[in-house]
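Presented below is the structure to which this report refers.
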Amino acid sequence: MGYPGQAVEGPRRRAWFLGRSLRQVVALAAVGLLVLVLAVPPLRRAASLGLSRVILFVASPLAPSTKGFNTFPSGSRVLAVDGSAVGTIESEHRDPVQLKDLPPVVPRAVMAAEDEHFYEHSGVDPASVFRAGIHTLTGHGTQGGSTITQQLAKLNYTNGQRTLLRKLKEVLYASQLEKRYSKDQLLERYLNQVYFGDGAYGIDAAARRTFGIPAKQLDADQAATLAGRIRAPGKPLDPRAHPDAAQRRRNQVLANMARNGWLDKADLAAADAAPLGAIPAPPTTRAAGVDPYFVDLVAREAGGLAELGDSPEVRASALANQGLTIESTLDPRALAAATRSVQGQLGRPGDPATSIASVQPGDGAIRLLFGGLDPHEQFDVASQGHRQPGSSFKPFVYLAALEQGIDPRTTFDSGSPKTLQYGGTSYQVSNAEPGPGGPITVDQATVDSVNVVYAQLVLQVGPKKVADLLKRFGFSEQFDALPSIALGGVRTGVSPLEQASAYAAFAAKGAYAAPYGIVRIKDRNGKVVYSRRPSTTKAVDQTKAGVLNATLERVVEEGTGKGAAIGRPVAGKTGTTTNFVDAWFVGYTPQLATAVWVGDPDKSTPMTSVHGRDVFGGTFPATIFADTMKAALAGQPSAALFTASPDQLNLRPASVPPPTVATVASVPLTAVTEPPLTGVATVPTLPPLPPGGGGGAGGGGGPFPTPPPLPSTIPPRCTTTTTRPSASTPTTALPASTTTTRPPPGC
């Protein structure tokens, strides 16, 4: 007698056994075909095609969804913080071409270059998959060509990560695409999406950009030239930059077309002999939108995200084709206010250009990037420009002095001009006007931007100490350790975005946050593919940042930056270079840091008699700063900056005059101008420290000796006690017991 259920258990076992046998047969067949692919050249092609069908059969049940493939490739939308549209990232406007409208030589050239057996296989090249696996496992990356279907899977679903898993995912997606779409549909999509170099996605854009004609007018040699670039779309095969290499690659594609019977001998000979015929490169089109400069910055930032692909080409393709939604950091209110202010201040024909950048302290979010009023200007000075910073670099010398233990209440003679020694060579530095002369403190020299004091201070600190400190604040330039660094005389210059990000660290108690424009990226289905995680690094001790903040508040309250006042606590610094070529105001509150630059982006043009006056940092830049900040901070509670007193640090006076420095290559200081000195207090000159103090050339010279007690000739700062702010004030405000150093005017 049997037991219950036995009647059905037998068939189940037999079905399981038969299923197992079928899987074993398929596996053995696949292994056998792979052996033929690798070991028997005469049978390699047929075996490879057979194996591709086996792979399709095995992978089809596992294939993921190919949702969204029917949507035509589109650019990425950039949204502001309020959800409004900022612009679109795409190569250029394009219309899809249909396969039936193209000359046969166009798809055949592409197949000859990329996948000559496209119509024969089932979407997978087993040999390339095997080679990729071997190379990955042995640490040589992924190598070996993919089929057109696999490339479509990579472009649309896997982002091209260089892993064995990515190659396997390609196979799964390719099997699904082959199952759902015809070969003609897949080839048509490929022709409309693949990158051909020069910013051209799709065959029609490539034909127009390279030859000035639509794709339907391409002949064999032109089609082969374009198809040859797919594998290496960069400069090496650019027909304009490297015509010989481009022609060799074109002729290889033509030969492959002939070998497959797609060109007869006469047509091959004519195509081989044809000149390349590429037209001059058309002007690069800028991103369209509310703020094209910010959209360009977002595109550059996204181009470096591994989440969008494993190479610049793959990431650029994702941005141009996958219909991504990019949530950005841009504040439209700040942009509108900056635009209105610049139009009102410097919007006349012939006026200097203006660039502005705003960054959130402690976070790095770029709230504003204004590149100028000229819609045809391609170069973005705000994020990519390199201009001389002038006296806006003095705060970094100030911080370096604090780190060297030098008290900012130390006095230096402010008489102008002054001859100094560096590297065994004499050089002369001057203020904008001679001024009353006499000894003044470093603090007062900062407030009134006195050049000769900072020229002496940098020799006490050591130029290398300043250059090393600047590295912590995100500047891209490798600064030379020369005295000219104190007055902003640097090799290539800095951008407004770099300046705003560096000053934002002052507001954030010395914490530097790298600037960024992308908060989040979603694919066309709403799935988050990237999310920003801000990070900060300690650039300077918070107490030292607080001491600097107190002095830079005085710059706005009583010094060269009065025009930047906004009715709430604000700190900042002016900067003006020789002959009024560059003018800056860089300032900040606890919530926002903004840098404004005014000048000529193309050359060194003196800004004299602009609307009847010379352009200092305290003129147009300070006014534009104030207009922008008032609008950007509207609705946010007023908050006190974090400030501190020098008495909280173990400081000593600098030695005056400076000690002899070691001999190095001498470069004269770049003269930097600022407005005439006003309200200079006269106090006795300090005696020098014992021999051996001070920094040597380039910041060397060893540690300072044990300092004597602080002399009574250093005046104490005027101090006021800050009351505890309301509960709505951000946490950067001071507690009730903290002593600030924001003196009233004239203190």
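For this structure, a couple of remarks:
- Difference of contour (0.36 nm per residue) and Cα-Cα distance, Ala565 to Ser531: 8.6 nm
- Amide hydrogen neighbours beyond the local backbone of Gln322, cut-off 5 Å, H modeled: Ser74
- With the highest mean first, a sort of the peptides 404-411, 353-360, 242-249, 454-461 on other beta-carbon atoms found within 10 angstrom per residue produces 353-360, 454-461, 404-411, 242-249.
- Cβ-derived FRET efficiency at R0 51 Å, Asp480 paired with Ser74, nearest 0.05: 0.60
- The distance linking segment 417-467 with segment 156-234 is 61 Å (Cα centroid to Cα centroid, whole angstrom).
- Gain upon complete extension [Lys603, Asp82; 0.36 nm per residue less C-alpha separation]: 183.8 nm
- Hits among lysines - C-alpha to C-alpha of Lys538 under 26 Å, sequence gap 8 or more where chains match: Lys394, Lys464, Lys465, Lys471, Lys509, Lys573
- Between segment 382-411 and segment 473-548, the Cα center-to-center distance that results, in Å: 15 Å
- Accessible surface ranking that places the most exposed of Glu301, Glu477 first, with a 1.4 angstrom probe: Glu301, Glu477
- Solvent-accessible ranking of Arg259, Arg240, Arg209, largest area first, probe 1.4 Å: Arg259, Arg240, Arg209
- Cβ-derived FRET efficiency at R0 45 Å, Leu373 paired with Ile213, nearest 0.05: 0.80
- Of the whole protein surface, Ser604 contributes about 90 Å² of accessible area at a 1.4 Å probe radius.
- The heavy atoms of Asp602 present about 120 square angstrom of accessible area, all protein chains included, probe 1.4 Å.
- Accessible area, probe 1.4 Å, largest first, for residues Phe473, Phe580: Phe580, Phe473
- Cβ charges +1 (Lys, Arg) and -1 (Asp, Glu), total dipole of segment 313-355, debye: 180 debye
- Relative contact order of segment 568-644, defined on C-alpha pairs under 8 angstrom at six or more residues apart (%): 34 percent
The values are calculated or read from the model by the stated rules, or taken from the named source; none is laboratory data. Remember, it's a predicted structure, so these values are computed and weren't measured experimentally. All Cβ positions, glycine included, derive from the backbone under ideal geometry; neighbour counts span all protein chains shown. The accessibility values were calculated without ligands, DNA or RNA, using every heavy atom of the protein model including side chains. Shrake-Rupley method; radii C 1.70, N 1.55, O 1.52, S 1.80 Å.
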